[in-house]
Amino acid sequence: MNKNDQMTLMVCDAIVKILELCYQQGVTTTWRDIYKFLRIPEHIWDDESDMDEKIIINQESDLVIIRAMITSKFSTKH
């Protein structure tokens, strides 16, 4: 596994952990909140249109879907 792949996995895991915590606490968050909390450079996410939409996770299976979506998204970014 190369360095970019390792970084991608680390970022994806961090995002999923935040979403898991939000699910456990019954709160919502936004992509902007997550990216700023993780200090992901703005040039990576500044062209996204849904930054302030609430991320709502109703069940654990939603987390599996989101993990796949995030992994796919970040794998194609670099």
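Please treat every number below as a calculation from the coordinates, not as lab data. Keep in mind it's a predicted model, so treat the numbers as computed, not measured. FYI the Cβ positions are ideal-geometry reconstructions off the backbone, even for glycines, and counts take in every protein chain you see.
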Read-out semi-axes √(5λ) of the Cα gyration tensor in Å, derived from the coordinates shown; its label in [x] 27, 11, 11; [y] 20, 15, 11; [z] 17, 16, 12:
[y]
Note the count of lysine pairs whose C-alpha atoms are less than 17 angstrom apart in the stretch 3-77, limited to pairs 8 or more residues apart or on different chains.
5
Hey, got a sec? Which GluC sites (Glu not before Pro) in the stretch 15-78 land in a DSSP loop and have at most 13 other Cβ atoms within 10 Å?
Glu48, Glu53
Given Cβ point charges of +1 (Lys, Arg) and -1 (Asp, Glu) and nothing else, what value in debye, to the nearest 20, does the dipole of the chain about its Cα centre take?
260 debye
